[in-house]
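Undergrad: Dropping the structure in here first, questions after.
The values are calculated or read from the model by the stated rules, or taken from the named source; none is laboratory data. Every value quoted in this text rests on a predicted model; they were computed, and no experiment measured them. We place every Cβ from the backbone using ideal geometry, glycine too, and count neighbours over all the protein chains shown.
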Amino acid sequence: MDQEKLYALLAREMAGQLSEKEASDLQQLLQRYPDAGYIREVFSQNWSPVSNQYTSTQVQQLLEKHQSRLQEAMAETIITPEEEVPRKVWKLYLGIAASLLMLISVGFYFFQPKRIKATAALAQLVTSKRTRSQILLPDGSRVWLNAGSKLDYPEQFEPHKPREVNLEGEAFFVVASDAERPFRVHTKTFHVRVLGTSFNVRAYPMEDSAVTTLVQGAVEVVLDNNTKQVVALRPNEKLTIPIHTTPAEIHNTPVPLPQKAKLVLVQDSIITETAWVQNKLAFKHLQLEKVTAMLEQWYGVEIDFRNNSKRNLFFTGVFEAENLEQVLNALEYTQSFSWEKDSTGKIWIK
Amino acid sequence: MVNDKQIQSLFHRVCYNNDMQAYNELYIALCTRLIHFSASIVSSFHLAEEIVSDVFITLWQKRNNLSHVENPLVYLYVSAKNLSLNTLQQQKKHQHRSIEHINLDILSIAPDAENGMVSAEVSQKIEGAIRSLPARCQLIFRLIKHDGLSYREVATLLGISPKTVDAQLTIAVKKISQAIRFDLSDEIVQTFLRIDS
């Protein structure tokens, strides 16, 4: 039945599902029934909805409305991680809060001769030794916080202003890009300026250097010394910044310079600097005393050396689900050292 | 219209790079199609706008767990469908509604008048022909002709086989073709009359 086939082929052509064979069949049929060319033409036109077409201005308004609903929803998930409260109630509270804020700012506007800069409420995430945590910031950026760290962030980032957080310890950031509001991480020794990217910042107060590691995107590190030196990092580079304990030191001893280096791959794609984000403990050609420092932090234990010469042994390894004993036994298996636990639970390397 | 590849790449940028700009582009590219689709189920554009916004909010919240999604377009349509049906159920006004009970006025499409290919009269005939089709057939025609979905995508969305999609679309094309009475050779016109009677 030629005409049935013609309909089927016209349908498939319209749907972009025509095979080569079918295309030549269609050509033949169109030659036999040239008037069917008109109907083919009609189907190849652009068709639009008969009711309620949106103009591009309306679409833009839809997007703006959607963005404010998104911000609202993200704020909810941050405030109530377990979200037991029914959503409607939250909406009500948010509504009240929003109108209060409006009132307050209107009040400020009318009664203050000078405009006071409203500071957003601060929130803080703290991890103890042994615990690592993950958080979604109100702008959609995700932060993994390593053990013994502290992150200060506003409950709501202000529009058209940089998004700023303060970090003590170590965190891995996957920043949601927003060209209008650059993301900044402040530590005691340096500041990191970013657009959208993923990077790791390690700035533990007790360590003698701080490290910024870039995985993806681009960041700038601003050193908080007198020079305000800026160092740009490319993907898979890290910057190690020595920390000067007292200002006097700077004058008397040569200042160690910040050092840029390539990231270290232990195996396949495991980067030692960021392995902790995936709950992996990874190190490559690292001195045992640094490995034990990692273990102390990872497992929340105390480790010391009976034999100081063992401090400078070098190890490479990736551990995932192992407990402390398993890790120590695996390292001990190299027969270069042995370990024991004393009555207080402290680990001794000998 | 934004093609599948571009949608795939925008979606990828959202899931892997947390790219808010790509996310906004994705919203702009798809929101009106999804709103019309959702509105045909819930019979309200206002409600549909919220539903589609919720679909995109969920997309942003879950983006890091969505890298396994093979077809982002189908994922978004299926999310919009499920959320629309849920919304209906919550309203309790229409219990046991399914995608078969769609608001056909919302789904109507016709060739653009501007390009002069089709007169107002023919356009009306086309609309009439589409309205005479069964609801599911109209929906399939709309999803393919206007929303640019493939057979496979429509099949996944509606839980039917690609063969059925093909057959339904052929029925729609036939009905519309007959409505505008293009003058095929007399022989074929005669055959049409035989089939119709």
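Undergrad: Does B:R152 qualify as being surrounded by fewer than 17 Cβ atoms within 10 Å (Cβ to Cβ), of a type outside the set (G, A, S), touching a helix residue (DSSP H, G or I) at 6+ places or on another chain (Cβ under 6 Å) and in the same structural domain as B:T170 (by TED's automatic domain parsing)? Lay out the reasoning, then the answer.
TA: Values: surrounded by fewer than 17 Cβ atoms within 10 Å (Cβ to Cβ): yes; of a type outside the set (G, A, S): yes; touching a helix residue (DSSP H, G or I) at 6+ places or on another chain (Cβ under 6 Å): yes; in the same structural domain as B:T170 (by TED's automatic domain parsing): yes.
Answer is yes for this residue.
Undergrad: Here's a follow-up. Is at least one residue of segment B:59-79 within 18 Å of A:E72 (Cβ to Cβ), polar (S, T, N, Q) and crowded, with 18+ Cβ neighbours inside 10 Å?
TA: From segment B:59-79, those within 18 Å of A:E72 (Cβ to Cβ) are B:59-63; that's our starting set.
When the remaining residues are screened for being polar (S, T, N, Q), the result is B:61.
From the residues that got through so far, the ones that are crowded, with 18+ Cβ neighbours inside 10 Å too are none.
No - not one qualifying residue is present in segment B:59-79.
Undergrad: Another one. For segment B:149-173, give me each residue that is over 20 Å from B:F37 (Cβ atoms) and outside any helix (DSSP H, G or I). Steps first, please.
TA: Restricting attention to segment B:149-173, the residues satisfying the condition of being over 20 Å from B:F37 (Cβ atoms) are B:161, B:163, B:166-167, B:170-171, B:173.
Result: B:S161, single match.
Quick grid of which residues meet (1) at the interface with chain A (Cβ under 9 Å from one of its Cβ atoms); (2) in contact with a Phe, Trp or Tyr (Cβ under 6 Å, 6 or more places away or on another chain); (3) among the small types (G, A, S); (4) buried (at least 19 other Cβ atoms within 10 Å of the Cβ):
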position	(1), (2), (3), (4)
B:C31	yes, no, no, yes
B:H36	yes, no, no, yes
B:S40	no, no, yes, yes
B:H46	no, no, no, no
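Undergrad: One residue is enough: does segment B:91-103 have a residue meeting the conditions modelled with pLDDT of 80 or more and away from chain A (no Cβ under 12 Å)?
TA: no
Undergrad: With the checklist (1) closer than 19 Å to A:Q71 by Cβ; (2) part of a strand (DSSP E or B); (3) of a type in the set (F, W, Y) in hand, flag the one item A:F157 doesn't pass.
TA: Looking at each condition in turn, A:F157 falls short on (2).
Undergrad: Taking only segment A:160-200 into account, find how many residues are assigned to a strand (DSSP E or B), of a type in the set (S, T, N, Q) and away from chain B (no Cβ under 14 Å). Steps first, answer last, please.
TA: Filtering segment A:160-200 down to residues assigned to a strand (DSSP E or B) leaves A:163-175, A:183-186, A:190-194, A:197-200.
Next, from what is left, pick out any that are of a type in the set (S, T, N, Q): A:166, A:197-198, A:200.
Going one step further and asking which of them are away from chain B (no Cβ under 14 Å), we end up with A:166, A:200.
Total satisfying the criteria: 2.
Undergrad: Working carefully through the options B:V74, B:V69, B:V55, find the one that is at pLDDT 95 or above and more than 9 Å from chain A (Cβ to nearest Cβ).
TA: B:V55
Undergrad: State whether one or more residues within segment A:43-50 are over 41 Å from the mean Cα position of the chain (by Cα), assigned to a helix (DSSP H, G or I) and closer than 30 Å to A:D2 by Cα.
TA: Scanning segment A:43-50, I find at least one residue that is over 41 Å from the mean Cα position of the chain (by Cα), assigned to a helix (DSSP H, G or I) and closer than 30 Å to A:D2 by Cα, so the answer is yes.
Undergrad: Any idea which residue in segment A:1-20 is nearest to the other protein chains (Cβ to nearest Cβ), counting only those that are exposed (fewer than 13 other Cβ atoms within 10 Å of the Cβ) and under 50 Å from the mean Cα position of the chain (by Cα)?
TA: Residue satisfying both the conditions and the ranking: A:G16.
Undergrad: Let me ask something else about it. Looking at A:F183, A:F173, A:F199, which one is crowded, with 22+ Cβ neighbours inside 10 Å, of a type outside the set (S, T, N, Q) and in contact (Cβ under 8 Å) with a residue 40 or more places away in the chain? Reasoning before the result, please.
TA: On the way: A:F173 fails: in contact (Cβ under 8 Å) with a residue 40 or more places away in the chain; A:F199 fails: in contact (Cβ under 8 Å) with a residue 40 or more places away in the chain.
Result of the check over A:F183, A:F173, A:F199: A:F183.
Undergrad: Determine whether A:A275 is free of Cβ contacts under 8 Å to residues at least 40 places away in the same chain and not basic (K, R).
TA: On the way: free of Cβ contacts under 8 Å to residues at least 40 places away in the same chain: no; not basic (K, R): yes.
Answer is no for this residue.
Undergrad: What number of residues within segment B:15-36 are more than 20 Å from B:G148 (Cβ to Cβ) and not charged (D, E, K, R)? Spell out the reasoning first.
TA: Step one: list which residues in segment B:15-36 are more than 20 Å from B:G148 (Cβ to Cβ), which gives B:15-21, B:23-24.
Still in the running and not charged (D, E, K, R): B:15-18, B:20-21, B:23-24.
Qualifying residue count, segment B:15-36: 8.
Undergrad: Restricted to segment B:134-164, and to residues that are away from chain A (no Cβ under 13 Å) and without any contact (Cβ under 8 Å) to a residue 60 or more places away in the chain, which residue is farthest from B:S177 (Cα to Cα)?
TA: B:G159
Undergrad: Inside segment A:33-64, can you point out the residues that are more than 30 Å from B:Y23 (Cα to Cα) and within 8 Å of chain B (Cβ to nearest Cβ)?
TA: Across segment A:33-64, the qualifying residues are A:Y33, A:D35, A:A36, A:Y38, A:I39, A:E41, A:V42, A:F43.
Undergrad: Then there is this: Is it true that some residue in segment A:154-161 is touching a residue at least 12 places away in the same chain (Cβ under 8 Å), acidic (D, E), touching a Leu at 6+ places or on another chain (Cβ under 8 Å) and surrounded by fewer than 18 Cβ atoms within 10 Å (Cβ to Cβ)? Break it down stepwise before answering.
TA: We begin by selecting, within segment A:154-161, every residue touching a residue at least 12 places away in the same chain (Cβ under 8 Å); these are A:154-161.
Next cut, acidic (D, E) only: A:155, A:158.
So of that shortlist, the ones also touching a Leu at 6+ places or on another chain (Cβ under 8 Å) come out as A:155.
Of the ones still in play, those that are also surrounded by fewer than 18 Cβ atoms within 10 Å (Cβ to Cβ) are A:155.
Yes, that holds for at least one residue.
Undergrad: Here are some conditions: (1) out of contact with any Leu (no Cβ under 9 Å at 6 or more places or on another chain); (2) hydroxyl-bearing (S, T, Y); (3) touching a residue at least 40 places away in the same chain (Cβ under 8 Å). A:T127 meets all but one. Which one does it not meet?
TA: (1)
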